[in-house]
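Enquirer: First the structure, then my questions, so here it is.
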Amino acid sequence: MGQWEEILRIKRYVWPLLGAAILAIASMAAPANVAAEELVKFKIVNGSSIPDSLTGKAGDPVKGRETAIHRKKGNCLACHTLPVSEQPYHGEVGPELNGVASRLSEGEIRLRIVNPKYSNPDTIMPAFYKTEGLHMVQKKWQGKPMLTAGEVEDIVAYLMTLKE
Ligand code: HEC
């Protein structure tokens, strides 16, 4: 193999690596996005329910199921059992959510996800749509709710399919 061929062969590997390194440095230098995400305003009725959709639209129950069982997003399975057979190890700290739509209204379910402290100040369930007063939040998540308004609505739509 000629010398040039050898150099070109090496370059094939070097350029992508160099590109990745430049991108990594550039992203470190970019100012961290610490601005708190603007939460959608919502109205709590009787301290127990948010009757109106946070997005003004109905959520997508199929996406909601995905987000609810996603181990890094909703991670509801850490504490709740859901009728989801493809995932093992469902938690039992919270009530089983199968049949929740027969026990609670849509607005009550929405408030439980947004901030369950309204129904139980001592609950260990995290508030999924809140940016203040959260503890031990990694820097990249500071100022951001755990779920977006759209993701909350998708999960509400999914839970509303769980009737007994
Ligand atoms: C760290 C544990 C934990 C996680 C994670 C968690 N929950 Fe809960 N959840 C609870 C507990 C405990 C309760 C019981 C009521 C209370 O403590 O207020 C509860 C209650 C509920 C209720 C009311 C159920 C009923 O029958 O009254 C709903 C709805 C609910 N959770 C939905 C969710 C959803 C959706 C997720 C994921 C996005 C989730 N939870 C994640 C612990 C958790």
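Enquirer: For the stretch 81-92, check the following and say yes or no: at least one residue is within 13 Å of the ligand (Cβ to nearest atom), within 14 Å of the chain's Cα centre (by Cα) and at pLDDT 95 or above.
Expert: The answer is no, given that none of the residues of the stretch 81-92 is within 13 Å of the ligand (Cβ to nearest atom), within 14 Å of the chain's Cα centre (by Cα) and at pLDDT 95 or above.
Enquirer: Any residue that is on the phi > 0 side of the Ramachandran plot, in contact (Cβ under 8 Å) with a residue 12 or more places away in the chain and more than 11 Å from the ligand (Cβ to nearest atom) - is there at least one of those in the stretch 136-154? Break it down stepwise before answering.
Expert: Applying the first criterion (on the phi > 0 side of the Ramachandran plot) to the stretch 136-154 yields 136, 143.
Right, trim to in contact (Cβ under 8 Å) with a residue 12 or more places away in the chain and you get 143.
After this cut, where a residue has to be more than 11 Å from the ligand (Cβ to nearest atom) as well, the list is 143.
For the stretch 136-154, residues on the phi > 0 side of the Ramachandran plot, in contact (Cβ under 8 Å) with a residue 12 or more places away in the chain and more than 11 Å from the ligand (Cβ to nearest atom): present.
Enquirer: Report yes if some residue within the stretch 128-146 is aliphatic (A, V, I, L, M) and modelled with pLDDT of 95 or more; otherwise report no.
Expert: No: zero hits.
Yes/no per residue for (1) of a type in the set (A, V, I, L, M); (2) modelled with pLDDT of 95 or more; (3) outside the structural domain of residue 114 (by TED's automatic domain parsing):
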position: 40; (1), (2), (3): yes, no, yes
position: 52; (1), (2), (3): no, yes, yes
position: 55; (1), (2), (3): no, yes, yes
position: 66; (1), (2), (3): no, yes, no
position: 79; (1), (2), (3): no, yes, no
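Enquirer: Only one residue in 73, 117 is among the basic types (Lys, Arg), over 15 Å from residue 49 (Cα atoms) and under 19 Å from the mean Cα position of the chain (by Cα). Which one?
Expert: Answer to the check: 73.
Enquirer: Name every residue in the stretch 56-85 that is among the small types (Gly, Ala, Ser), in a loop (DSSP other than H, G, I, E, B) and open to solvent by less than 50 Å² (accessible area, probe 1.4 Å), in order of residue number.
Expert: Selection gives 59, 74.
The values are calculated or read from the model by the stated rules, or taken from the named source; none is laboratory data. All figures in this text were calculated on a predicted structure; none of them were measured in a lab. Glycine also receives a Cβ, built like all others from the backbone with ideal geometry; neighbour counts cover every protein chain displayed. For accessibility, only protein heavy atoms count, side chains too; no ligands or nucleic acids. Shrake-Rupley method; radii C 1.70, N 1.55, O 1.52, S 1.80 Å.
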